[in-house]
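The values are calculated or read from the model by the stated rules, or taken from the named source; none is laboratory data. What you see is a predicted model; the values in this text were computed from it and never measured. Cβ: placed from backbone, ideal geometry, glycine included. Neighbour counts: every protein chain shown. For the accessible areas, the whole protein counts, side chains as well, though only heavy atoms, and no ligand, DNA or RNA atoms are used. Shrake-Rupley method; radii C 1.70, N 1.55, O 1.52, S 1.80 Å.
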Amino acid sequence: YNKNEIVHACIRELAVSAATPRYFVAAPSTDGGTVEVDSGLLYDLTSNPNPYNDWYSFIERLVTFLMVAGNAYVLKERAKTGQVSAIYLLRPDRVVIVPGDYGAASFIYDVGGRKYTIEPKDMCHLALPNPAGDVYGLSPLEVLARNVNLDLNMTDFAKVYFQNAGVPSGLLKIKKRLSSQDEATTIRARWRSQFGGVNNFHRIAILDDDAEYQPMSNTPKDMALNDLHNLTESRICAVFGVPPILVGANVGLQRSTFSNYREARLAFHSETLEPLVTRVLR
């Protein structure tokens, strides 16, 4: 989330989209329908969950935690009467679940070197489905680990490619015998100073008749990095359920039209956003 722009963009799209709708509390009406409630405990909590967050920022952070960690934890603060007076989001990386016979027996929150035990009745735990786990949810980033790492490695490769030399990892062959290691070091240093780095990337090299340059590694074009980037971007977007065109991914922009964008937005709302908001509401 902190290092990969496509992952960050997908989670931001989910978090902002889930926080944008107007949430309200409804109750049955006398004519068999529903009526909006504008007072009471639930109304207060969905207006201001706690003194530090409004409802928009609360949902935005909740969805971010859920997508990054696969788990979101909401602490219920109670008044002396036992009634819930505020709800707080806890950082998932600081929460440890103590398993019981079924589900959680308790939660331990570790912050500042102190551990607090929280009873299940005072914690709301949202978890993404995890067939291999009893209490913890499965993070999309765990599923995407290899693809995200591949995308980061390609970005690092491009950086190193431009930093190291005009043509990376090559062999400068001198036909005459070098008299010493110092002479080889001098030739290497002269080559790097003239043709290494971004500013000398397209500088023309002129070699003596006793020298030959032989590339020893593939260029980005030979490695088809663009196709590989598109593949990793499409898989990242697929796992998060966000159409690539909505987050400006290259694989989505290649087919970008107003009609495609509108259809992608509708598909995102019906297939990804509505189920996510329903999960939060329940």
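Output the residues belonging to the stretch 64-105 that are open to solvent by 30 Å² or more (accessible area, probe 1.4 Å) and either basic (Lys, Arg) or in contact with a Ser or Thr (Cβ under 9 Å, 6 or more places away or on another chain) (or both).
VAL68, ALA69, LYS76, GLU77, ARG78, ALA79, LYS80, ARG91, ARG94, VAL98, GLY100
Look at PRO28 and say whether it is in contact (Cβ under 8 Å) with a residue 24 or more places away in the chain, over 19 Å from the mean Cα position of the chain (by Cα) and open to solvent by 30 Å² or more (accessible area, probe 1.4 Å).
Taking the combined requirement at face value, the residue does not satisfy it.
ILE108 - would you say it is buried (at least 16 other Cβ atoms within 10 Å of the Cβ), touching a strand residue (DSSP E or B) at 6+ places or on another chain (Cβ under 8 Å), farther than 27 Å from VAL7 by Cβ and free of Cβ contacts under 8 Å to residues at least 60 places away in the same chain?
Criteria not met by ILE108.
Considering only residues that are of a type in the set (A, V, I, L, M, F, W, C), farther than 30 Å from LEU144 by Cβ and touching a helix residue (DSSP H, G or I) at 6+ places or on another chain (Cβ under 9 Å), which ones fall in the stretch 23-71?
Pass one, the stretch 23-71, residues of a type in the set (A, V, I, L, M, F, W, C): 24-27, 35, 37, 41-42, 45, 55, 58-59, 62-63, 65-69.
Then drop every residue that is not farther than 30 Å from LEU144 by Cβ, which leaves 24-27, 35, 37, 41-42, 45.
Residues satisfying the conditions are PHE24, VAL25, VAL37, LEU45.
Each row is one residue, and each column tells you yes or no for (1) of a type in the set (Phe, Trp, Tyr); (2) within 14 Å of HIS125 (Cα to Cα); (3) touching a Pro at 6+ places or on another chain (Cβ under 7 Å).
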site	(1), (2), (3)
PRO49	no, no, no
LEU75	no, yes, no
ALA86	no, no, yes
PRO99	no, yes, no
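Step by step: first the residues of the stretch 112-137, then only those that are touching a Leu at 6+ places or on another chain (Cβ under 9 Å) and open to solvent by 50 Å² or more (accessible area, probe 1.4 Å), then the one that is farthest from GLY241 (Cα to Cα). Which residue is that?
Keep residues of the stretch 112-137 that are touching a Leu at 6+ places or on another chain (Cβ under 9 Å), which gives 118, 122-124, 126-132, 137.
Among the residues that remain, those that are also open to solvent by 50 Å² or more (accessible area, probe 1.4 Å) are: 124, 129, 131-132.
Values: CYS124: 25, PRO129: 15, PRO131: 19, ALA132: 21 Å.
Filtering first and then ranking leaves CYS124.
How many residues does the stretch 36-46 contain that are without any contact (Cβ under 8 Å) to a residue 24 or more places away in the chain and either over 19 Å from ALA79 (Cα atoms) or loosely packed, with under 13 Cβ neighbours inside 10 Å (or both)?
Residues meeting the conditions: 5.
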